[in-house]
Structure formats: structure tokens, C-alpha cells
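A.B. asks: Submitted below is the structure of interest, expressed as C-alpha cells.
The values are calculated or read from the model by the stated rules, or taken from the named source; none is laboratory data. Just so you know, these numbers come straight off a predicted model, no measurement behind them. Quick reminder, even Gly has a Cβ in these numbers, built from the backbone with ideal geometry, and neighbours come from all protein chains shown. When the accessible area is computed, the model is the full protein with side chains, heavy atoms only, and any ligands, DNA or RNA have been set aside. Shrake-Rupley method; radii C 1.70, N 1.55, O 1.52, S 1.80 Å.
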Amino acid sequence: MKVNKLHSALLALFLGSSAGHAQNPLDFGSDIKTADPSAHVWQDGKMYLYTSHDEECQEDFWMKNWHVFSSEDLVNWQDHGAVLSVDDLSWADNYAWAPDAAYKNGKYYLVFPAGNGHKDRVNPKNSTKWMGIGIAVSDSPTGPFKDAIGGPLWREPYANDPALFIDDDDKAYLYFHGTKFDYYVAEMADDMRSVKGDFQKMDMGGYEPKMEGPWVFKRDGKYYFTMPENNRSLAYYMSDSPTGPWEYKGIFMDEEHNSNNHHSIVEYKGQWLLFYHRWLQSPVSSCEQRQRYTAAEYLYFNDDGTIKKVERTDKGVADFADRIKTTWKAN
């Protein structure tokens, strides 16, 4: 009993729930390890996060399912559980990595990477690991989601970290990280079950660092292509088109612990927000290593539309509800 009480106290302190505030990491009500948060605001006015789910002390990113969380104030979150698992797939059994989501045709779509095989880090030539991108569909933003096509959207190139962007004209664009296919985009077919035409190599203005985890959004008529540059620091480009040409603008969040990062950016109730993951050491973990947790910060823009530098904070978006009240009174 004393052990359980100590466990709960440490977890509450770590998550900040004892103070009744969201802190970094976000309080999902448990010590669940999450990464790669994809943030969306749907018609019901709630914030939804679609995340990958790290197994406790997992081996080499062997991950099995995807979770969805929702909130109206960014403080109190509901965990809707695993909404899709590799056990539901006939073509993959591992690597449930960074997902994204979209709403189109009256349906909710989850685009996700998954794969099979084994990555031999000592002798790479012996690796059998393969990953592809799947598409799942649901009538609800919280799932459950069902594999829509019974296979990946394509088998070559090897690909993961998909990002879906629905433009104002309802066209859907899919960005991803792929072997020898970074900085490519594909337009999705209207039914969201296949790629329309060929992959398009985007003009990145001559600067194409190693990248993963792209995220695209639109603000004030400008498109933003953001990604972890060299898989560590968050950087971005700007364009007048969702397919470029793009102009590199620089890094807006520095790396931490020499570890990867993966993010999303969305406006909610008048506030621009950056969701990302941090590598933190939990006081209740069964292994002594940093593991990934979802966090959030406010995002600010300069008058010319460029993004201001973001610093990681322990407070995060803890005062979101108070900010909304202040904004409402001012209006």
C-alpha cells in the first residue's frame, strides 16, 4: 500500500496534476509514454492529439498501437485508448510510429506508418526492416479506426512519418519521410484511399538537410513546411503554395539531449500552439533511461509571418484557460 501511494505521489508530482495544472509533460492521467503528437481541432471544438505509444523501456522503437487524447482546456485530457493496433493489420506487425489525421468526405482518416522485419544496427547489410504508410478510416475522431485498403499506400520507397494537409480547396496532400524521397509530396485521391499521380519533388531553395516528421500548416495565406532538421532541431520553410517552391527560414526550437523531436502546430481558440515530445526520466519507470512524453508550448509569429524562437518550459500551456478568459473579456 505504501509503495502504491509513493508511486501515485511521484507520478502526480511529475505530471503536475497535484497542482491542478497542465505542465510539461502534459497530464494524460497516467505515466503513458507518448510521442509524435499530431494536433487537430475538429467540428466539436475540442483539441485532439493523435500520438504514437512507446512501450515501457521498449526495444529499438518496437511500438504496437496509436492513441487519441482530447481536451477542451489543454489541462484535463481524456485518453480514448488505443484506436488502432498493428494487430489489426495484415501487412505489418511492428513499428507503429508517428501518425497524422484528417477530416474529409464526412469521415476521419488516420494516416500511419507501420512495418516489419528487424534493423541490424551492428551489421546494417543484414537488416530486413521495412516500413510503409497505411490509411485507416472512422466515423468518429476517437475511432476505432479500420484499415481502409488492407495494405500500404505504396511499398517503394520505404517510408514513414506521414503528414496530411487539407487545403482550402479540399485537396489533400501527403508529405512523408522516405528513403531517397525526402522533400517529396503526393496528392491524395478524392476518396483518400490512394495516391493521385506521381510523387512530386519539391523545390526547397537548395537547402535539404536530413529530415523526418514533416508538418505543414497554413496561416494568413502562407504555407509552412516544418520538420526536425537533422532529426533533432525544429526548422521551417515558407511558401505561397502547398507544393513549394519553399524558402528556408531557420530553426525555431533547438534540440534537447541530442535526441529526436517530432511535432505539430495548430491554432486553438485564438492561440497558436506547438505540440512536441521530450525525453524525460520518469520517477516511476522500471528502467533508468529517458523516455518520450508529449509536451506543449505557445507559438508566436513576427509581423512578417516568420516564427519566433520557442524555448522549452516546465509550465507549457498551463495557463491556457486563463488566457482564453482574458481574450474573451477583451473582445
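A.B. asks: For the range 235-257 and the range 23-90, compute the distance between their C-alpha centroids and round to whole Å.
C.D. replies: Answer, in whole Å: 25.
A.B. asks: Follow-up. Could you tell me which of rounded, prolate or oblate describes the range 10-153, using a ≥ b ≥ c as the square roots of the eigenvalues of the alpha-carbon gyration tensor, with rounded for a/c under 1.5 and, failing that, prolate when a/b is larger than b/c and oblate otherwise?
C.D. replies: On the way: a/c = 2.82, a/b = 1.28, b/c = 2.21.
Oblate, since a/c reaches 1.5 and b/c is not below a/b.
A.B. asks: Okay, next question. In a GNM of the chain with a 10 Å cut-off on Cα contacts, which of VAL317, VAL284, VAL83 has the highest mean-square fluctuation?
C.D. replies: VAL284
A.B. asks: Which value, in Å², gives the accessible area per residue of the range 26-124 when a 1.4 Å probe is used on the protein heavy atoms? Before the final figure, lay out the partial values.
C.D. replies: On the way: 3580 Å² over 99 residues.
Computed with neighbouring chains in place, this is 36 Å² per residue.
A.B. asks: I've got another one for you. Give me the extension gain from LYS218 to PHE181: residue separation times 0.36 nm, minus the current Cα-Cα distance, reported in nm with one decimal.
C.D. replies: Values: separation 37, 0.36 × 37 = 13.32 nm, distance 2.31 nm.
Answer, rounded to one decimal: 11.0 nm.
A.B. asks: Run the simple label-point estimate for LYS196 and TRP279 please: 7 Å along Cα→C-beta, distance reported in nm.
C.D. replies: So the label points at LYS196 and TRP279 sit 4.0 nm apart.
A.B. asks: Something else: Around ILE251, under 10 Å between beta carbons, what's the net of Lys plus Arg minus Asp minus Glu among the other residues?
C.D. replies: Details: positive: ARG232, LYS249, LYS309; negative: GLU229, ASP254, GLU255.
Value of the local net charge: 0.
A.B. asks: Between GLU156 and GLU288, how high is the FRET efficiency from 1/(1 + (r/R0)^6) when r is the Cβ-Cβ distance and R₀ = 56 Å? Nearest 0.05.
C.D. replies: Working: r = 40 Å, r/R0 = 0.71.
So the FRET efficiency works out to roughly 0.90.
A.B. asks: Also: Quick one: dipole size for the range 244-288, taken about the Cα centre, charges +1 on Lys/Arg Cβ and -1 on Asp/Glu Cβ, in debye to the nearest 20. Don't skip to the end; give the middle numbers.
C.D. replies: Values: 3 positive and 6 negative charges, 39 e Å.
With only Lys, Arg, Asp and Glu charged at Cβ, the dipole is about 180 debye.
A.B. asks: Let me ask something else about it. How much of the accessible area of the chain, probe 1.4 Å, is carbon plus sulfur, in whole percent? Please list the in-between numbers first.
C.D. replies: Details: 6870 of 14780 Å².
Within the chain, the accessible surface is 46 percent carbon and sulfur.
A.B. asks: Ok, one more. Counting other Cβ atoms within 10 Å, keep those with at most 14, restrict to DSSP loop, and tell me which GluC sites (Glu not before Pro) in the range 29-79 are left. Let's see the in-between values first.
C.D. replies: On the way: sites: GLU55, GLU56, GLU59, GLU72; in loops: GLU55, GLU56, GLU59, GLU72.
Of the GluC sites (Glu not before Pro), the ones in loops of the range 29-79 whose Cβ has at most 14 other Cβ atoms within 10 Å are GLU55, GLU56, GLU59.
A.B. asks: If the elastic network links every pair of Cα atoms under 10 Å, which of ASN76, ASN160, ASN94 fluctuates the most in the Gaussian network model of the chain?
C.D. replies: With Cα springs under 10 Å in the chain, the top fluctuation among ASN76, ASN160, ASN94 is at ASN76.
A.B. asks: Here's a follow-up. Per the Kirkwood treatment, what hydrodynamic radius in Å, one decimal, follows for the range 107-245 from the mean inverse distance over all distinct Cα pairs? Mind dumping the intermediate values first?
C.D. replies: Values: mean 1/r = 0.0624 Å⁻¹.
That comes to 16.0 Å for the range 107-245.
A.B. asks: Report ³J(HN,Hα) in whole Hz for each residue of the range 173-188, in order, from the Karplus equation J = 6.51 cos²θ - 1.76 cosθ + 1.60 where θ = phi - 60°; Gly and Pro get x.
C.D. replies: Once θ is set to phi - 60°, the couplings for the range 173-188 become 10, 10, 10, 6, 9, x, 5, 6, 9, 6, 6, 9, 9, 10, 7, 7 Hz.
A.B. asks: Another question about this same structure. Let me have the 222 nm mean residue ellipticity of the chain computed from DSSP H runs of 4+ only, each contributing -39500 (n - 2.57), with the sum over all residues rounded to the nearest 500.
C.D. replies: The helix contribution divided over the chain gives -2500 deg cm²/dmol.
A.B. asks: Using the Cα centre of the chain as the reference point, and only Cβ charges (+1 on K/R, -1 on D/E), how large is the resulting charge dipole? Debye, rounded to the nearest 20. Walk me through the numbers on the way to the answer.
C.D. replies: Numbers: 35 positive and 49 negative charges, 94 e Å.
That gives the chain a dipole magnitude of about 460 debye.
A.B. asks: Would you calculate the volume per residue, in Å³, of the smallest convex hull containing every Cα atom of the range 248-329?
C.D. replies: Details: hull volume 9.4 nm³, N = 82.
In the range 248-329, the Cα convex hull volume per residue is 114 Å³.
A.B. asks: Classify the range 119-184 as rounded, prolate or oblate, taking a ≥ b ≥ c as the square roots of the eigenvalues of its Cα gyration tensor: rounded when a/c is under 1.5, otherwise prolate if a/b is larger than b/c and oblate if not. Could the numbers behind the result be given before it?
C.D. replies: Details: a/c = 2.92, a/b = 1.65, b/c = 1.77.
Cα axes put the range 119-184 in the oblate bin.
A.B. asks: Given the options THR142, THR294, THR34, which has the most mean-square fluctuation in a GNM of the chain, springs set between C-alpha atoms less than 10 angstrom apart?
C.D. replies: Its mean-square fluctuation being the largest, the pick is THR142.
A.B. asks: To continue, here is another question. Which pairs in the list LYS171/LYS269; LYS33/LYS180; LYS64/LYS315; LYS46/LYS107 are over 22 Å apart, alpha-carbon to alpha-carbon?
C.D. replies: On the way: LYS171/LYS269 25 Å; LYS33/LYS180 30 Å; LYS64/LYS315 31 Å; LYS46/LYS107 17 Å.
As for pairs spanning more than 22 Å Cα to Cα, those are LYS171/LYS269; LYS33/LYS180; LYS64/LYS315.
A.B. asks: Check each of the GluC sites (Glu not before Pro) in the range 251-328 and keep only those in coil by DSSP with at most 10 other C-beta atoms within 10 angstrom; list them in order. Please report the intermediate quantities before stating the final value.
C.D. replies: Numbers: sites: GLU255, GLU256, GLU267, GLU288, GLU297, GLU311; in loops: GLU255, GLU288, GLU311.
Counting only loop positions with at most 10 other Cβ atoms within 10 Å, the GluC sites (Glu not before Pro) in the range 251-328 are GLU288, GLU311.
A.B. asks: Trypsin sites (Lys or Arg not before Pro), restricted to the range 42-146: which are DSSP loop and have at most 10 other Cβ atoms within 10 Å? Don't skip to the end; give the middle numbers.
C.D. replies: Values: sites: LYS46, LYS64, LYS104, LYS107, LYS119, ARG121, LYS125, LYS129, LYS146; in loops: LYS46, LYS64, LYS119, ARG121, LYS129.
In loop regions of the range 42-146 (DSSP not H, G, I, E or B), the sparsely surrounded trypsin sites (Lys or Arg not before Pro) are ARG121.
A.B. asks: In the chain, if every C-alpha pair distance is counted and binned at 10 Å from zero, what percent goes to each bin?
C.D. replies: Per 10 Å bin, starting at zero, the Cα-Cα P(r) for the chain comes out as 5, 26, 36, 24, 7, 1, 0 percent.
A.B. asks: Given the Cα-Cα distance of ASP168 and ARG323 and 0.36 nm per residue of separation, how much length would full extension add, in nm? Walk me through the intermediate numbers first.
C.D. replies: Working: separation 155, 0.36 × 155 = 55.80 nm, distance 2.84 nm.
My answer for the length gained is 53.0 nm.
A.B. asks: Arranged from highest to lowest average of other beta-carbon atoms within 10 Å per residue, in what order do the peptides 201-208, 222-229 appear?
C.D. replies: Working: 201-208: 13.9, 222-229: 22.8.
So the order, starting with the most tightly packed, is 222-229, 201-208.
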